[in-house]
1. Please list, in order along the range 15-26, the HN-Hα scalar couplings obtained from phi with the Karplus expression 6.51 cos²θ - 1.76 cosθ + 1.60 (θ = phi - 60°), rounded to whole Hz, x for Gly and Pro.
2. Can you tell me which of 20-26, 53-59 comes out highest on packing, and rank the rest after it, using the mean Cβ neighbours within 10 Å?
3. Step through the residues of the range 142-149 one at a time and calculate ³J(HN,Hα) from phi using the Karplus curve (6.51 cos²θ - 1.76 cosθ + 1.60, θ = phi - 60°), rounding each to whole Hz and writing x for Gly and Pro.
4. Given H placed 1.01 Å from N in the peptide plane, which residues other than close sequence neighbours of residue 60 have an amide H under 5 Å from its amide H?
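Every number in this text was worked out from the coordinates using simple rules, so none of it is lab data. Quick caveat, the model's predicted, so the values are computed rather than measured. For neighbour counting, all protein chains shown are included, and Cβ atoms are generated from backbone atoms with ideal geometry for every residue, glycine included.
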Amino acid sequence: MTPAAHGFLSPSGVEIAFLLVGLVTFGAALVTVTTKQLVHAALWLVVTLGGLAVEYLLLTAEFIAWVQVLIYLGSVVVLLLFGLMLTKAPIGRSPDADSGNRPVALAVAVVAAVSLVWVVVDAFRTTWIDLDGPAQGSTEVTGHFLFRNWVLPFEALSVLLLAALVGAIVLSRKRATAARNSRGADDTDNGRSGKEKR
């Protein structure tokens with residue numbers, strides 16, 4: 001008997017799981033960029049990045065999945081939350097976080113999504129991954145390709161995150177200094193008013 005030809009009308013269990021996890025990840029990403037609570041946005045970002053890690057696992061790319069978990073979930077999100085705590089971001093709804101440019105942002109997002117989908121479909125039009133077969137590529141090959149060809153984006157991201165952390169520290173120190181100065185000025189004014197009453 002010859003095996004049935006692969007097609008979109010006969011998906012496997014892995015492909016169905018991939019689609020469901022993708023929908024959950026897409027929904028979490030939408031909530032991340034539409035919520036007005038910064039802390040909630042960071043937590044929904046955890047769900048989004050975790051969903052991407054699951055997608056990599058379903059594509060038999062275990063090394064990329066663990067890199068996703070260790071670097072993005074373990075470092076980037078923690079650094080983001082640390083920056084939010086340092087800048088004393090409001091816990092509740094933040095109307096100031098909305099710039100009012102939603103139509104422009106939506107247009108840019110749609111153009112970016114269409115371009116990304118077109119590039120991926122054009123690059124892998126005739127490529128099928130055998131999800132039921134052995135893993136394609138070892139950790140050594142994947143790591144060698146990733147950190148040889150994509151090391152510059154990783155370094156640029158680390159510099160960007162370091163700059164964001166330094167900026168958060170500077171902002172928190174300025175606010176603390178301004179608060180101390182205002183308290184000192186209030187104490188001085190109260191002392192003067194007390195002397196005048198005497």
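1. So the Karplus estimates, Gly and Pro as x, are 5, 5, 4, 4, 5, 5, 5, x, 5, 4, 5, 5 Hz.
2. The packing order, highest mean first, is 53-59, 20-26.
3. Running phi through 6.51 cos²θ - 1.76 cosθ + 1.60 with θ = phi - 60° gives 5, x, 4, 5, 5, 8, 9, 8 Hz.
4. Result for residue 60 returns nothing.
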